Structures are given as C-alpha cells and as structure tokens.
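Peer 1: Here it is, the structure in full.
The values are calculated or read from the model by the stated rules, or taken from the named source; none is laboratory data. All values reported here derive from a predicted model rather than from experimental measurement. Cβ placement follows ideal geometry from the backbone for every residue including glycine, while neighbour counts extend to all protein chains displayed. Just the protein is used for accessible areas: all its heavy atoms, side chains included, with ligands, DNA and RNA removed. Shrake-Rupley method; radii C 1.70, N 1.55, O 1.52, S 1.80 Å.
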Amino acid sequence: MTILQANRFSSLVGEIYDAAADPALRSGVLEQVSNFVGGCAATILSRDAARLSIEIHQHFGTESRFRQLYRDRYVEQDPLLDRHLDLAAEQTIGVTDIMPHAEFLATSFYREWVEPQGAIDLATVAIEKSDVRTTILQVLRHRSRGTVDEPMRERMRLLAPHIQRSRIMGRQIRARSHTVDDLADVLDGLSTAICLLDADGRVVHANAACRELFVDGSLLSMVGDRIVARNTQTDKIFRSLFEIAADDGTHVPGPRRIELVTSAAGQHYLLCASPLKRERLQPRDSAAAVLLVQRATMAPSLVPDAIASAFRLTPSELRVLMAIVEIGGVPDIAAKLGIAETTVKTHLGRLFEKTGAGRQADLVKIAAGFSAPFAPRASSNDDAV
C-alpha cells in the first residue's frame, strides 16, 4: 500500500469499530469497504451449516429485487458461497480460484444475476465461522474495473478480522444494553426501594420505588445527586451503613446489617446497605454500593399466613405482630385492638419467645422479611381514562 492507501485503510478500520457502537453508521461503512477494496456492491450474509437458509445482515449497492432473487433462486448457484466451509479463516477467493472465468460467464448465475447489476466478477471472504453458520463478506466487481485481482483479495483479507471483531463488539454492546434495560425494568417492578451509589455517595441509579421515596421526602430526599436523611437518627444510621458499604474494595464486610428507622410521618422503614464487588481500578463514579429501603408494613404486600405458619402464631399473636409493625407502642396497640395493655404485653412476650426476637424492632425486621418483593400493579380500572 502507498502512504495514502495506508492512511485510508487506518481511517476505515477506525470507522468499522465506530459502527460497532452506532448501528446507524454501518451502511455507510459498508459502502466505504466496498469502494476501498475495488467493488461496486457489498453484502454481509450468513449461511447455516445445513445449507437450508441464508440471512442478509447488511448490504450496499444491491437493489432489493436482486437480494430477493439471490435468496429465492441464485444462492444455490453462487460458486463461492459455501467454499469457505473448507478454507482457512480470512482467505479471500474470487471466481477464478474456483473455475475458469469463461465458464463463469456462461452460467445463469452470471447472466441473470451478476451481469444485470453491471458486475463482471465477485469475491468473498469469511468473517465468522462456527459449527452452525458461516458469515461472509461478498463484494461485486464492476465490469469497468475488470476481474478480481490480487490487490482486491489482499484488501478484503486485511479488513476481514476488523469487520469480524466489530460485529462481535456490536453484539456485546447490544446484549449489555438490553441487559441494563431489562434489569432496570425488573428493579422498577420491585416494591423495595433500591438505590445504587458510587464510592463518593452519589446516586448512580434509583428504581421507581426509590424515586417515589425521594418525592415523598419524609424519610430520605435528593439534593443534587446525593441522598439526604430527614432526621438525625436516620442520617446517623444511613451514614454508618454507607461507610461500611462504600469502601475501596479492600474492606472485608461483616454480617449484613439491617437497621430500623422512622420517617417524619411516623412510618417504619428498614435500611440495608451492601458493597458491590468492584475492580480495584474501576472508576469512582461507577456503582460501589446498593442501598435497600423497605417500608415495614403489614399491607397486602406482606404474607401474614406465612409468618403465622413459620412461627406457629395464634391469630391473636399475629394481630398483635401486625399492629406492632403498623403502630409500634403498646398503649396504641391496645387502643387499636380494643384489648388491655397487659394482654398486649402477654402476646408480646410470646412473640419474643416464638421468634427469638429481643426487641419490638427485631419483630418488625422479621415481619418485613416476609414481604412480597413486587410492587402492586394498577388494576384495569385504575388504567381507564
């Protein structure tokens, strides 16, 4: 290659990799590939190992009717398509590697498919090969440029590994993007508020339940990109949890801590912060810790029958437990249930004995562990306009 050709090649390789991240660039890049190797049209297509079907991934310079004709009729007459099954990777072949060009000109494939497109020859190179399919780059050569020559073969051979890696990178990027989008959808469907924080305590991502928590503002709120607690007790607990979770990756975490906090509106919540596994050189603005916030409630999201079964609670004991979660204080519980405070204390003692809890806060944590994880969906009536 001349210096000019080498610079053009280097620039094209860069654009091939750019197209991995931006699918909108791929058509233009394939056009540049075709022009660079000396072709007038180019197609990237796959053939399954059983030779039953083909898939055209990208194309340039070929009209839709010729692409359809190739699929329906001429794929079986293409003398180059299946040759790569037995060839070394990145080996470029032209018609004259398979048959005399004069014989090729007499085939119906040439007369009815190649020639009507203004071409006289074609070359192919495999860019991906597996047990299930082979993917090739097929380039048509215009009659004005003559048959496939060695410079064309060499340029296709040099570009093939870059096109291959670009396609693999594109699939990985799409898969990662789909995974992130799917994960965000899953997190938004959970009733637990989930927030990802970086090593400096900034919010990286918050699910729908967490965003609602910030909007409510009675427990936690957002100021800029950081979380602010609404009262001193919550702030102290939140900071202590986060100091454990957001370390530099050298800290060995102890047993998971779950803390009970109370909002300005008097509602109980459970806080838990856990570190995420990170590479030592990972950027500080990537997710370093996850904060979980679960409202302690005996709403339908909890499963009281499961709690009663797990600890062999009587109906009266279960009612007291539910009231502890919702209200908390013995006098208030007695008033709500219409029973004496001594009766509440008796049931409370039995709850401690059966569950192993030592404090009412522990009972709340135990009950919250039976919470259904999914946020309730709106009914069809709620969706109606």
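Peer 1: Would you call H84 buried (at least 16 other Cβ atoms within 10 Å of the Cβ), without any contact (Cβ under 8 Å) to a residue 40 or more places away in the chain and in the same structural domain as S166 (by the TED database)?
Peer 2: Details: buried (at least 16 other Cβ atoms within 10 Å of the Cβ): yes; without any contact (Cβ under 8 Å) to a residue 40 or more places away in the chain: no; in the same structural domain as S166 (by the TED database): yes.
Here the answer is no, as H84 does not meet what is asked.
Peer 1: Could you tell me whether A126 is of a type in the set (G, A, S), in a helix (DSSP H, G or I), buried (at least 17 other Cβ atoms within 10 Å of the Cβ) and in contact with a Ser or Thr (Cβ under 9 Å, 6 or more places away or on another chain)? Can you show your working first?
Peer 2: Numbers: of a type in the set (G, A, S): yes; in a helix (DSSP H, G or I): no; buried (at least 17 other Cβ atoms within 10 Å of the Cβ): yes; in contact with a Ser or Thr (Cβ under 9 Å, 6 or more places away or on another chain): yes.
Here the answer is no, as A126 does not meet what is asked.
Peer 1: While we're here: One residue is enough: does the stretch 16-36 have a residue meeting the conditions of a type outside the set (S, T, Y), touching a Gly at 6+ places or on another chain (Cβ under 9 Å), under 28 Å from A102 (Cα atoms) and modelled with pLDDT of 95 or more?
Peer 2: Yes, because at least one residue in the stretch 16-36 is of a type outside the set (S, T, Y), touching a Gly at 6+ places or on another chain (Cβ under 9 Å), under 28 Å from A102 (Cα atoms) and modelled with pLDDT of 95 or more.
Peer 1: Name the one entry in M156, M152 that is of a type outside the set (D, E), surrounded by 15 or more Cβ atoms within 10 Å (Cβ to Cβ), over 30 Å from N207 (Cβ atoms) and within 36 Å of the chain's Cα centre (by Cα). Explain how you work it out, then say what you get.
Peer 2: Values: M152 fails: within 36 Å of the chain's Cα centre (by Cα).
M156 is the lone residue from the list that is of a type outside the set (D, E), surrounded by 15 or more Cβ atoms within 10 Å (Cβ to Cβ), over 30 Å from N207 (Cβ atoms) and within 36 Å of the chain's Cα centre (by Cα).
Peer 1: Which of (1) under 22 Å from L260 (Cβ atoms); (2) assigned to a helix (DSSP H, G or I); (3) at pLDDT 90 or above is the odd one out, the single condition L313 does not satisfy?
Peer 2: Status for L313: all satisfied but (2).
Peer 1: Could I ask something else about it? Return the only residue of A6, A50 being surrounded by fewer than 14 Cβ atoms within 10 Å (Cβ to Cβ), within 22 Å of S130 (Cβ to Cβ) and out of contact with any Ser or Thr (no Cβ under 8 Å at 6 or more places or on another chain). Step through it out loud before you land on a result.
Peer 2: Numbers: A6 fails: within 22 Å of S130 (Cβ to Cβ).
It is A50.
Peer 1: Still on this structure, please answer the following. Restricting attention to the stretch 129-149, which residues are at pLDDT 90 or above and open to solvent by 50 Å² or more (accessible area, probe 1.4 Å)?
Peer 2: Within the stretch 129-149, H142, R143, S144, R145, T147, D149 qualify.
Peer 1: Looking at R73, R26, R65, can you tell me which residue is open to solvent by less than 70 Å² (accessible area, probe 1.4 Å) and in a helix (DSSP H, G or I)? Before you say what the answer is, go through the steps one by one.
Peer 2: Numbers: R73 fails: open to solvent by less than 70 Å² (accessible area, probe 1.4 Å); R65 fails: open to solvent by less than 70 Å² (accessible area, probe 1.4 Å).
Sole residue among the options that is open to solvent by less than 70 Å² (accessible area, probe 1.4 Å) and in a helix (DSSP H, G or I): R26.
Peer 1: For the stretch 215-301, please list each of the strands (runs of 3 or more DSSP E) lying entirely inside it that holds at least 2 residues being at pLDDT 80 or above, touching a helix residue (DSSP H, G or I) at 6+ places or on another chain (Cβ under 9 Å) and within 24 Å of I366 (Cα to Cα).
Peer 2: Numbers: elements: 220-223, 226-229, 259-262, 268-275, 287-295.
By residue number, 259-262, 268-275, 287-295.
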